[in-house]
Amino acid sequence: MEIGLVLFAGLLAFGAPVFIALGTAGAYLALAVVDLPLSTLAQQFFTSMDAFVLMAVPYFILSGNILLHCGPSRYLFRFLDTLVGHLPGGMAAAAVLACMIFGALSGSGVATVVAIGSIAIPEMLKLGYSKPNCMGLITCSGTLGQMIPPSIYMVLFATLVQGDVSTFFVSGVIPGLLIGAMLLVTTVAVAWVGGMKTERKASWAERRVAFKEAFPVLLMPLIVLGGIYGGIFTPTEAAAVAIVYSLLISHFVYRTLTWANFKLSMRDAMAGTAVIFVILGAATLAASAVTFLRVPHTLMTAVTDAGFTPLMLLLAVVALFFVLGTVMDPVPIMYITIPILLPALKAAQIDLIHFNVITVAAMMVAQVTPPFGMALFAMAGIFREPVATVVRGALPYLAVLLVATLLIVFFPWFSLVLPQLMAAN
């Protein structure tokens, strides 16, 4: 067991990709320690991806990339800017709102960072916002795409705990709005203290034009989520509908769909899907070996014997997620820890709907925690700036995400009220 941990940590320290570190450590544990047959490794790797609900992941990634590369995302930001751009901190507030809505369209934090960052940051710089502050704000706000449904991480969580994706989706609505509101207040305060310039107030005629242009984009989450909760289609089918809808509005409404930007959308979607699924397979292999070694049972016994209250256990898990987020991506964190922690969580009678939201909130933090946060690298790559510059601007907004995560831990109501209402009806 110890050699497997050393292999994993050593490969990460030497810069090996996460899936190689996980796969190597998992293969060693499975073959040398547990003595499983070699064929089991391939079976575990394949079966980890053989789930109908996981088809939603590439579909949502592709729909987000179509919105990003084929044009519709710019109309969304333009409309929000006409509403609040003239207020102190209005441009930054429009960026946060755009991240919330685009996150609900794409389900991807990184796609949201790229889409809104490439549109909003040049405009914010013209008004005197500092580049680190702009990049930090969009980087942290972009993670809202993981909380506000549909969420790719909630789909992955559902496969790990064999839960209902639509219930997990609805549990993220109020926490997502809460975090968005906290980021809005923070960014307006930062802009006001910094004396940022404001834009000319848009006329109502300009707002009507901007709304008319953005309406097809604004309609998309209503169609996708309304279809899910109206029982018209499953979350996976909703993701496929999102692709068709984004293609239709790009071609027939905005006339911006070309063969070149469609190929770019497909390429980025395939690359993003491949990264997630290869990490998923390697992490499942490692987690399976650890399960054979009865680590989850040992952990459950230790928690029971230690007399941890549910709140103490949740705080310990959140602390673990925060620490792992400094060295690992969110997907392997989830796929390594959830199977190990699940028996202890059930023994402590912790509501998995509440824990789902806590996990996603912690993964939002992991996306912007140096040195390995994915969103940090996405933002740094757009503007070819050092990651340290993005980190410096992200610190006040990262603090907001940390506080929001603790609020969600201490107040389950935020996570549970809508699922309970849905179950009652």
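By its C-alpha gyration tensor, with a ≥ b ≥ c as the square roots of the eigenvalues, how is the range 302-362 shaped: rounded for a/c under 1.5, else prolate for a/b larger than b/c, else oblate?
Working: a/c = 1.83, a/b = 1.61, b/c = 1.14.
Here the range 302-362 falls in the prolate category.
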What is the distance, in nm, between label points placed 7 Å from the Cα along the Cα-to-Cβ direction at Ala388 and at Thr258?
3.9 nm
Mean residue ellipticity (222 nm) of the chain, computed from DSSP H runs ≥ 4 via -39,500 (n - 2.57), nearest 500:
-25500 deg cm²/dmol
Relative contact order for the range 136-187, counting Cα pairs under 8 Å that sit 6 or more residues apart, in percent:
42 percent
Whole-angstrom Cα spans of the chain along principal axes, big to small:
70, 50, 44
Using Cα atoms only, what is the angle between the long axis of helix 131-142 and the major principal axis of the chain, expressed in degrees (0 to 90) to the nearest 10?
60 degrees
Fewest first, what order do Ser63, Ser288 take by the number of other Cβ atoms within 10 Å?
Ser288, Ser63
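Let me know the number of lysine pairs in the chain closer than 21 Å at the Cα, not counting same-chain pairs under 8 apart. Numbers along the way, then the final one.
Numbers: Lys126/Lys197; Lys126/Lys201; Lys131/Lys197; Lys201/Lys212.
Qualifying lysine pairs in the chain: 4.
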Debye, to nearest 20: dipole size of the chain, +1 on Lys, Arg Cβ, -1 on Asp, Glu Cβ
1280 debye
Extension length gain for Ala16 and Leu421 (0.36 nm per residue less Cα distance), in nm, is 141.2 nm
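Just how many % of Cα pairs in the range 15-88 lie over 21 Å apart, if you round to the nearest whole percent? Don't skip to the end; give the middle numbers.
Values: 1632 of 2701 pairs.
Counting pairs separated by more than 21 Å, the tail of P(r) holds 60 percent.
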What ranking, highest mean first, results for peptides 132-140, 71-79, 268-276 when packing means the other Cβ atoms within 10 Å averaged over each residue?
132-140, 71-79, 268-276
Pair-distance profile P(r), taking every C-alpha pair of the range 185-266, with 5 angstrom steps and integer %
3, 12, 14, 13, 13, 14, 13, 12, 6, 1
For the range 51-182, the Rg and Dmax computed from alpha carbons only, in angstrom
15.1, 49
Can you sort Val323, Val368 by how many other beta carbons sit within 10 Å, fewest first?
Val323, Val368
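None of the figures in this text is laboratory data; all of them are computed from the coordinates on show. In this text, all values refer to a predicted model and were calculated from it rather than measured experimentally. Backbone-built Cβ (ideal geometry, glycine too); neighbour counts: all protein chains shown.
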